[in-house]
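Colleague: What follows is a structure written as structure tokens; I'll ask about it next.
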Amino acid sequence: MAYYDENTKKLLEDLYAFRSPINYSGTLARDPIADALARDPRLAVYVQGYSARSSLFACQLHVTYANKDVPLDQIVVVDSATEAEEALHKCVSAGKPRLFVVTTADISLYQIQADFSMIYHGFYANLQNMEGKVTGIEALNLQCMQLNCTYRIGKVLLNMMEKELQQEITKLSHKLFCPSMNDAVKAYVAHNYLAKTVEYDTREELNSLEMSYRQSAYGAIIQHKCVCQGFAEAYKRLLDTQGIDCQVVCGKIKRSEEYHAWNLVSFNGVDYYHVDVTWDSFSTGRTSDTYYGLSDRDMASTRLWTKRPFWTCNGEIDIKAIAKKQIADKKHLFLSQGVDAEYLEV
């Protein structure tokens, strides 16, 4: 974060320490609180109001705070409706009970929340309810939405599931990956593992707990039965263990009301590739790698999704061919380091 001067830097430190009054050594030629919030809009979650008493060369700021228990990682600053929706997806996917979204006053956060609840209410089976409350600092053109989410699976059970899931993912990381692999091979092997071991769950009569399972990485990795959201979440969790950049994409199948989830993968943080494990897994036990490493153009024939300028999939490099070549060249080395042969090839 850049500071214009030491006065503003000190003011930011005082605000994050929830001090009041604050002795500010600058003048009131500029509004010091507005200046601080312009540099770090996350402060809008905490600063609810303020007043100032000034002399010729200094002033004292009296600040009213709220939400002192909110950690910074629960606050997301967005610049568009698309980014706000993305923040909601990440919050619900992770099962977080609370999120604060800060943005400019011209973005309708209530509408974004209402649309999200209506469109994706069947997509996230564990989400029971979502409520939003918006507050604003009109003079600074800022607003903040506090989003509270309740889930069908409670915190105790969720923590137990997470512990079981993490233990299994740790075991799998030794069976699927080894130091001799490059990231393209690791991503390919993780794709193969899920395509071979997870069945798409087509059951219609499910209780609320079973519905929550099948939308999650727990359903994919522990129960080996889930829907597209579970495949995508599980794939991300496996690649996260290897430090590989993997995102979950929420979109739709063209000419259908069906919502769908898949992944974007990058090995350098710049070039991304689509990976859809769900469409490469078949209930008959057969698998494919047709939907591994595709470009935006490839996916556009069957999918609709919100494209991000920083997630561009040009398809200039054939990452599937790179993975297969390294497997062919080093298969015996991978096997000697404990990798399961079943997942080295589709």
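The values are calculated or read from the model by the stated rules, or taken from the named source; none is laboratory data. In this text the structure is predicted, and so the values were computed from the model without any measurement. Here the Cβ positions follow ideal geometry from the backbone for every residue, glycine too, while neighbour counts run over all protein chains shown.
Colleague: Restricting to the range 244-264, name every residue that is within 12 Å of the chain's Cα centre (by Cα) and closer than 18 Å to residue 195 by Cβ.
Modeller: 246, 248, 249, 263, 264, listed by residue number.
Colleague: Taking the range 205-230, which residues are assigned to a helix (DSSP H, G or I), within 17 Å of residue 164 (Cβ to Cβ) and not acidic (Asp, Glu)?
Modeller: Correct list: 209, 212, 213, 214, 217, 218, 219, 220, 221, 230.
Colleague: What do you reckon, is residue 128 more than 28 Å from residue 228 (Cα to Cα), of a type in the set (S, T, N, Q) and not in a helix (DSSP H, G or I)?
Modeller: Values: more than 28 Å from residue 228 (Cα to Cα): no; of a type in the set (S, T, N, Q): yes; not in a helix (DSSP H, G or I): yes.
In short, no.
Conditions tested, residue by residue: (1) outside any strand (DSSP E or B); (2) more than 28 Å from residue 342 (Cβ to Cβ); (3) in contact (Cβ under 8 Å) with a residue 40 or more places away in the chain.
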{"position": "135", "(1), (2), (3)": "no, yes, yes"}
{"position": "144", "(1), (2), (3)": "no, yes, yes"}
{"position": "170", "(1), (2), (3)": "yes, no, yes"}
{"position": "192", "(1), (2), (3)": "yes, no, yes"}
{"position": "203", "(1), (2), (3)": "yes, no, no"}
{"position": "232", "(1), (2), (3)": "yes, no, yes"}
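Colleague: Every residue in the range 270-328 that is aliphatic (A, V, I, L, M), surrounded by fewer than 18 Cβ atoms within 10 Å (Cβ to Cβ) and not in a loop (DSSP other than H, G, I, E, B), please.
Modeller: Scanning the range 270-328 gives 300, 304, 321, 322, 328.
Colleague: Next question. Could you identify the single residue in 74, 111, 167 that is crowded, with 16+ Cβ neighbours inside 10 Å and either of a type outside the set (Lys, Arg) or at pLDDT 85 or above (or both)? Write out each step before concluding.
Modeller: Numbers: 111 fails: crowded, with 16+ Cβ neighbours inside 10 Å; 167 fails: crowded, with 16+ Cβ neighbours inside 10 Å.
Of 74, 111, 167, the one residue that is crowded, with 16+ Cβ neighbours inside 10 Å and either of a type outside the set (Lys, Arg) or at pLDDT 85 or above (or both) is 74.
Colleague: Tell me which residues, restricted to the range 31-70, are part of a loop (DSSP other than H, G, I, E, B), within 29 Å of the chain's Cα centre (by Cα) and farther than 27 Å from residue 311 by Cβ.
Modeller: Of the range 31-70, the ones part of a loop (DSSP other than H, G, I, E, B) are 31, 40, 46, 55-58, 66-70.
Now restrict to residues that are within 29 Å of the chain's Cα centre (by Cα): 40, 46, 66-70.
Listed by number, the residues that qualify are 46, 66, 67, 68, 69, 70.
Colleague: Something else now. Find the residue count for the range 32-43, including only residues that are of a type in the set (A, V, I, L, M) and modelled with pLDDT of 90 or more. I'd like the intermediate steps shown before the answer.
Modeller: Of all residues in the range 32-43, those of a type in the set (A, V, I, L, M) come to 33-34, 36-38, 43.
Cutting the leftovers down to modelled with pLDDT of 90 or more gives us 43.
Final tally of qualifying residues: 1.
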